[in-house]
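Everything on this sheet refers to the single structure shown next.
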Amino acid sequence: MKWLWVSVVVLLLDQCTKLLADAMLVLHQQVTLIPYLALFKAYNPGAAFSFLSEASGWQRWFFVVLAVVVIVILLVWLLRLSTEEKATSLALALILGGAAGNLIDRLVYGYVIDFIDVYYGSWHWPAFNVADAAISVGAFLLLLDAFRGGREKSPAA
């Protein structure tokens with residue numbers, strides 16, 4: 001449970017940045033920060049890469065239920081890890097915080113607020129937010145840990 005602070009930080013950072021973006025940005029208007037990075041407010045009723053964003057509205061509750069199930073699974077998994085499994089714990093805490101952040105958006109607004117736009121020329125990665133970034137980094141860390149052989153080994157005594 002000592003890793004839950006990471007989830008709380010991700011959740012707070014995610015919600016604060018979404019509130020700022022929603023208050024300060026104009027919907028679908030790009031604000032360039034530096035080359036290849038801009039702010040771009042978008043409301044996504046779907047999932048990653050706007051999956052199911054054009055559905056009739058049922059997807060909101062589907063993704064709410066899915067997020068709750070994932071959060072419960074992640075909490076149970078995190079609780080069962082040994083204290084030596086730091087990489088896995090960090091990864092799960094990041095994913096948990098991101099999932100909770102996007103869940104709050106779906107419950108409160110019916111969509112997720114995205115505002116980070118990475119682009120090159122006229123090509124744009126789908127807009128995302130802090131929760132999405134935390135989920136992606138957490139998933140990457142889980143994969144990296146799996147390729148390293150899973151559980152971390154303690155130094156031989």
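The values are calculated or read from the model by the stated rules, or taken from the named source; none is laboratory data. The structure displayed is predicted, hence computed values, not measured ones. A quick note on method: Cβ atoms are made from the backbone with ideal geometry, for glycine too, and the neighbour counts reach across all protein chains shown.
In summary, TRP77 fulfils each of the numbered conditions (1) surrounded by fewer than 18 Cβ atoms within 10 Å (Cβ to Cβ); (2) within 16 Å of ALA146 (Cβ to Cβ); (3) in contact (Cβ under 8 Å) with a residue 60 or more places away in the chain with the single exception of condition (3).
Taking VAL72 as the residue in question, decide whether it is out of contact with any Pro (no Cβ under 8 Å at 6 or more places or on another chain), modelled with pLDDT under 90 and either surrounded by fewer than 17 Cβ atoms within 10 Å (Cβ to Cβ) or not in a loop (DSSP other than H, G, I, E, B) (or both). Against the criterion (out of contact with any Pro (no Cβ under 8 Å at 6 or more places or on another chain), modelled with pLDDT under 90 and either surrounded by fewer than 17 Cβ atoms within 10 Å (Cβ to Cβ) or not in a loop (DSSP other than H, G, I, E, B) (or both)), VAL72 does not qualify.
Are any residues in the stretch 103-138 free of Cβ contacts under 8 Å to residues at least 60 places away in the same chain and closer than 23 Å to MET1 by Cβ, and if so, which ones? Result: LEU103, ILE135, VAL137, GLY138. For the subset of the stretch 80-114 comprising residues that are surrounded by fewer than 17 Cβ atoms within 10 Å (Cβ to Cβ) and basic (Lys, Arg), which member is nearest to ASP14 (Cα to Cα)? Only one residue fits best here, namely LYS86. The numbered conditions (1) within 13 Å of GLN15 (Cα to Cα); (2) at pLDDT 95 or above are all true for GLY138 except (1).
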